[in-house]
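Some notes on the structure that comes next.
The values are calculated or read from the model by the stated rules, or taken from the named source; none is laboratory data. Treat the numbers as computed from the prediction; the structure is a model and nothing was measured. When we count neighbours, we look across all protein chains shown, and the Cβ atoms used for this are built from the backbone with ideal geometry, even at glycine. Side chains included, ligands, DNA and RNA excluded: accessible areas come from the protein's heavy atoms. Shrake-Rupley method; radii C 1.70, N 1.55, O 1.52, S 1.80 Å.
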Amino acid sequence: MSDPVILAQELRKSYGTFEAVRGIDFEVEPGTSFGLLGPNGAGKSTTMRMIAGVSHRSGGRLRILGMDPDEQGPRIRAHLGVVPQNDNLDAQLTVRENLIFYGRYFGLPKRWLAAKAEELIDFAQLADKRDARVDDLSGGMKRRLSLAVALLAKPEILVMDEPTVGLDPVRRAELWNLFRTLAAEGAALLVTTHAMDEAARCDVVALMRDGRLVRTGSPHAILESTSTGSLEEAFIALVEPEGKEGDHA
């Protein structure tokens, strides 16, 4: 077994008196897709920010590739690819120009970058849009370009916040085919989502509510443990408010 690329133990994050993440434990293995599933406000994005080293934890232990993100954030981020919920692309530049621009921002060698940009354009299935401005791309094309930007430095961990939000089922399936290719090549994928069908595509799912993990396991294992027929039914069963049955007494 390989060492986990992400290890969280009693991980916590507070903002004043509000505790956004309340002592969660999980680990992510290389080459696996790990989905954080939960409603808005569950603590998913807060957890992602701690993993990326842009928000310090309030308590617990967190190791990314064996390093502490609070102390070695820049080193860790050199091995991370991040696909934010909102595309951070320059709308006036072309597909290829965006890749070159971000590659230079990351400090990648110019000669190497020219070839890498072409490779990623092909990977993202954007060859016929190489010279098109981002403003002229569809939503699905923009998401594929954001993924290509995140892959410029060949990251060991790909962190994706709602990566297919707003896309139709066909475009979502296309992106997940790309994700599976990356996992097969050894990259670990960390995905936040509140879409049940999206989470069902992950190898491991962690159901999150009010800053806590209520269940972690493969989609199949979670369905078996809750005797439900879908992740949506399982989630509803697991997040039933405590004491609800007693309210009828």
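For the criterion of being within 23 Å of THR181 (Cβ to Cβ) and at pLDDT 95 or above, LEU65 passes. For the stretch 125-144, taking the residues that are in contact (Cβ under 8 Å) with a residue 40 or more places away in the chain and under 17 Å from the mean Cα position of the chain (by Cα), the one that is surrounded by the most Cβ atoms within 10 Å (Cβ to Cβ) is identified as ARG143. If you go through the stretch 79-124 and keep only what is under 22 Å from ARG172 (Cβ atoms) and of a type in the set (Phe, Trp, Tyr), you end up with just PHE123. Filtered by the rule that a residue be out of contact with any helix residue (DSSP H, G or I) (no Cβ under 7 Å at 6 or more places or on another chain) and open to solvent by 20 Å² or more (accessible area, probe 1.4 Å), the stretch 145-171 gives ALA153, LYS154, GLU156, VAL165, ASP168, PRO169, VAL170. Looking across the stretch 215-232 at every residue that is free of Cβ contacts under 8 Å to residues at least 40 places away in the same chain and crowded, with 17+ Cβ neighbours inside 10 Å, the one that is nearest to THR17 (Cα to Cα) is identified as ARG215. For the stretch 152-244, the helices (runs of 4 or more DSSP H) that sit wholly inside it and include 1 or more residues that are of a type in the set (Phe, Trp, Tyr) are 169-184, 231-238. Scanning the stretch 210-238 for residues that are hydroxyl-bearing (Ser, Thr, Tyr) and within 23 Å of the chain's Cα centre (by Cα) yields a total of 3. Please verify whether the stretch 85-102 includes one or more residues that are modelled with pLDDT of 90 or more, out of contact with any strand residue (DSSP E or B) (no Cβ under 8 Å at 6 or more places or on another chain) and closer than 29 Å to GLU29 by Cβ. Yes, the stretch 85-102 contains at least one residue that is modelled with pLDDT of 90 or more, out of contact with any strand residue (DSSP E or B) (no Cβ under 8 Å at 6 or more places or on another chain) and closer than 29 Å to GLU29 by Cβ.
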